[in-house]
Amino acid sequence: FYSATELFLVVFAPYFVIRFLLLPLPIAAVAHAMEMDASAFYWNSLTNLVLAEFLTNLHGFVAVVTNHAGDDMYRFRDGCRPFSGSFYLRQVLASVDFQMGTDLVDFLHGWLNYQIEHHLWPNLSMLSYQKSAPMVREICKKHGVPYIKENVFWRVKKTVDIMVGKSSMKWFPESYERAYLEADAIVEAKKLAK
């Protein structure tokens, strides 16, 4: 891990210098060559970069964090085997989908509205998420597994409630978690015995 000084010098400072000090310089140079106010061009460029950085980070937060936080999401105590029964169950219980189904809505969400399907099959194409979502919903319904799909703004509220301590995420019942992990170990042992 980095010390605080290393974190600043190795991670933050180079990004800050390149992104917010050096990147606007060519704009100022062009303005100067055109005998325009280079300083104004530089500051306008810098303002646009800062605003773009803020909006990009805000969109990233809304699109990713809110799909994984809320008082209806589960937390787990122990890790599980990749691609085991517990793994797939956790992908559904610890993720939420946003409104979906039309190309326009999905495009506006950047196809990040299919978080459950993305966690189940990270290598699927974006359009395959559209096709798989109804099947996943039906499988969850058949087995009594909660499949949560909500409006993005409702998810933002639930995430903020978690952040300010108004609510907290649920712990998956420890006895079930242990039982599922033991079942996974048995299945894995049978695979290895073959």
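The values are calculated or read from the model by the stated rules, or taken from the named source; none is laboratory data. Quick caveat: nothing in here was measured; it's all calculated off a predicted structure. Backbone-built Cβ (ideal geometry, glycine too); neighbour counts: all protein chains shown. Keep in mind that these areas ignore ligands, DNA and RNA; they rest on the heavy atoms of the full protein, side chains included. Shrake-Rupley method; radii C 1.70, N 1.55, O 1.52, S 1.80 Å.
Looking across region 130-163, the residues that are in contact (Cβ under 8 Å) with a residue 12 or more places away in the chain and in a loop (DSSP other than H, G, I, E, B) come down to Val145, Pro146, Tyr147, Ile148, Glu150, Asn151. Within region 57-76, the only residue that satisfies the criterion of being of a type in the set (Phe, Trp, Tyr) and over 30 Å from Ser175 (Cα atoms) is Phe61. Against the conditions (1) open to solvent by less than 70 Å² (accessible area, probe 1.4 Å); (2) assigned to a loop (DSSP other than H, G, I, E, B); (3) modelled with pLDDT of 95 or more, where does Lys166 fall short? Just the number, please. Tallying (1) open to solvent by less than 70 Å² (accessible area, probe 1.4 Å); (2) assigned to a loop (DSSP other than H, G, I, E, B); (3) modelled with pLDDT of 95 or more, Lys166 fails exactly one: (1). Regarding Trp171, is this residue within 21 Å of the chain's Cα centre (by Cα), closer than 20 Å to Ala63 by Cα and either aromatic (Phe, Trp, Tyr) or open to solvent by 60 Å² or more (accessible area, probe 1.4 Å) (or both)? So Trp171 fails the test.
Pick from Ser86, Ser39: which is small (Gly, Ala, Ser) and closer than 30 Å to Gln130 by Cβ? Break it down stepwise before answering.
Values: Ser39 fails: closer than 30 Å to Gln130 by Cβ.
When all the criteria are applied, what remains is Ser86.
When the helices (runs of 4 or more DSSP H) confined to region 10-95 are screened for residues that are surrounded by fewer than 11 Cβ atoms within 10 Å (Cβ to Cβ), those reaching at least 3 such residues are found at 38-64.
Just a yes or no: is a residue in region 46-69 farther than 25 Å from Asn151 by Cα, out of contact with any helix residue (DSSP H, G or I) (no Cβ under 9 Å at 6 or more places or on another chain) and not aliphatic (A, V, I, L, M)? Full working, then the answer.
Here is the first cut: in region 46-69, the ones farther than 25 Å from Asn151 by Cα are 46-51.
Within this subset, residues satisfying the condition of being out of contact with any helix residue (DSSP H, G or I) (no Cβ under 9 Å at 6 or more places or on another chain) are 47-48, 51.
Those still in the list that are not aliphatic (A, V, I, L, M) too: 47-48.
Within region 46-69, one or more residues are farther than 25 Å from Asn151 by Cα, out of contact with any helix residue (DSSP H, G or I) (no Cβ under 9 Å at 6 or more places or on another chain) and not aliphatic (A, V, I, L, M).
Which of the residues belonging to region 115-129 are within 18 Å of the chain's Cα centre (by Cα) and part of a helix (DSSP H, G or I)?
Of all residues in region 115-129, those within 18 Å of the chain's Cα centre (by Cα) come to 115-126, 129.
Answer for region 115-129, where residues must be within 18 Å of the chain's Cα centre (by Cα) and part of a helix (DSSP H, G or I): Gln115, Ile116, Glu117, His118, His119, Leu120, Met126, Tyr129.
Residue-by-condition table, conditions (1) at pLDDT below 95; (2) of a type in the set (A, V, I, L, M, F, W, C); (3) over 17 Å from His68 (Cβ atoms):
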{"residue": "Trp111", "(1), (2), (3)": "yes, yes, no"}
{"residue": "Asn123", "(1), (2), (3)": "yes, no, yes"}
{"residue": "Gln130", "(1), (2), (3)": "yes, no, yes"}
{"residue": "Asp161", "(1), (2), (3)": "no, no, no"}
{"residue": "Ile186", "(1), (2), (3)": "yes, yes, yes"}
{"residue": "Lys191", "(1), (2), (3)": "yes, no, yes"}
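Considering only region 96-109, how many residues are open to solvent by less than 30 Å² (accessible area, probe 1.4 Å) and touching a residue at least 40 places away in the same chain (Cβ under 8 Å)? The total comes to 3.
Conditions (1) touching a Ser or Thr at 6+ places or on another chain (Cβ under 7 Å); (2) of a type in the set (Gly, Ala, Ser); (3) more than 30 Å from Lys166 (Cβ to Cβ), marked per residue:
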{"position": "Phe12", "(1), (2), (3)": "no, no, yes"}
{"position": "Ile27", "(1), (2), (3)": "yes, no, yes"}
{"position": "Thr66", "(1), (2), (3)": "yes, no, no"}
{"position": "Arg81", "(1), (2), (3)": "no, no, yes"}
